[in-house]
1. If I filter segment 141-162 for residues that are in contact (Cβ under 8 Å) with a residue 24 or more places away in the chain and in a helix (DSSP H, G or I), do I get at least one hit?
2. Pull up segment 33-69, narrow it to residues that are in contact (Cβ under 8 Å) with a residue 40 or more places away in the chain, more than 12 Å from the chain's Cα centre (by Cα) and in a helix (DSSP H, G or I), then point me to the one that is surrounded by the most Cβ atoms within 10 Å (Cβ to Cβ).
3. Do we have residue 114 as assigned to a strand (DSSP E or B) and either touching a strand residue (DSSP E or B) at 6+ places or on another chain (Cβ under 6 Å) or modelled with pLDDT under 95 (or both) here?
4. Any residue that is under 23 Å from residue 161 (Cα atoms) and in contact (Cβ under 8 Å) with a residue 60 or more places away in the chain - is there at least one of those in segment 73-81?
5. Within segment 117-140, how many residues are over 17 Å from residue 78 (Cβ atoms), touching a strand residue (DSSP E or B) at 6+ places or on another chain (Cβ under 8 Å) and either without any contact (Cβ under 8 Å) to a residue 24 or more places away in the chain or assigned to a strand (DSSP E or B) (or both)?
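The values are calculated or read from the model by the stated rules, or taken from the named source; none is laboratory data. Only a predicted model underlies this, so the values are computations on that prediction, with no experimental measurement involved. Glycine gets a Cβ as well: all are built from the backbone with ideal geometry, and neighbour counts include every protein chain shown.
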């Protein structure tokens with residue numbers, strides 16, 4: 001009896017045109033934008049699947065990632081919005097839900113009563129740990145497979161931070 005390897009999921013090839021059959025820097029950049037969008041969606045799916053597996057249906061992936069990204073810090077709602085990845089979601093609505101469900105504590109800032117400071121409750125910290133363990137498990141598995149080594153993920157992150165800085169400068173330049 002022969003053992004079959006698990007079926008590999010095929011990802012769509014780039015639909016972007018090649019110039020002379022070669023990948024140009026512009027084509028590679030455009031493909032990376034498509035990949036970033038797909039990775040973001042897949043990350044939400046991974047969190048959703050993990051919470052379903054654990055029987056936790058009280059939070060959606062966006063809310064779980066807000067808790068994860070908030071971490072042990074105490075920040076204003078605006079700071080959380082500016083540093084998170086919550087496109088397509090209403091951060092204020094989700095924060096209000098998280099407060100109501102007991103995952104986030106909020107209070108008015110002493111110096112500026114218009115500003116609200118938020119931090120995780122103990123229950124919120126527990127959820128953050130669930131997401132952190134999920135990501136750590138994935139990092140271990142990817143590390144063992146060698147996926148994170150070629151090219152080294154640190155170099156990929158450096159390049160992503162450079163693109164982030166460029167985009168930030170472009171936004172500031174407009175205003």
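1. Pass one, segment 141-162, residues in contact (Cβ under 8 Å) with a residue 24 or more places away in the chain: none.
Checking segment 141-162: not a single residue is in contact (Cβ under 8 Å) with a residue 24 or more places away in the chain and in a helix (DSSP H, G or I).
2. Residue satisfying both the conditions and the ranking: 51.
3. Working: assigned to a strand (DSSP E or B): no; either touching a strand residue (DSSP E or B) at 6+ places or on another chain (Cβ under 6 Å) or modelled with pLDDT under 95 (or both): yes.
Criteria not met by residue 114.
4. Going through segment 73-81, the residues under 23 Å from residue 161 (Cα atoms) turn out to be 73, 75, 78-81.
Next, only the ones that are in contact (Cβ under 8 Å) with a residue 60 or more places away in the chain stay: none.
The answer is no; no qualifying residue exists.
5. Count: 2.
Yes/no matrix, rows are residues, columns are (1) at pLDDT 95 or above; (2) surrounded by fewer than 14 Cβ atoms within 10 Å (Cβ to Cβ); (3) over 22 Å from residue 48 (Cα atoms); (4) out of contact with any helix residue (DSSP H, G or I) (no Cβ under 8 Å at 6 or more places or on another chain):
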{"position": "78", "(1), (2), (3), (4)": "no, yes, yes, yes"}
{"position": "84", "(1), (2), (3), (4)": "no, no, no, no"}
{"position": "96", "(1), (2), (3), (4)": "no, no, no, yes"}
{"position": "100", "(1), (2), (3), (4)": "yes, yes, no, yes"}
{"position": "108", "(1), (2), (3), (4)": "no, yes, yes, yes"}
{"position": "118", "(1), (2), (3), (4)": "no, no, yes, no"}
{"position": "122", "(1), (2), (3), (4)": "yes, yes, no, yes"}
{"position": "126", "(1), (2), (3), (4)": "yes, yes, no, yes"}
{"position": "148", "(1), (2), (3), (4)": "no, no, yes, no"}
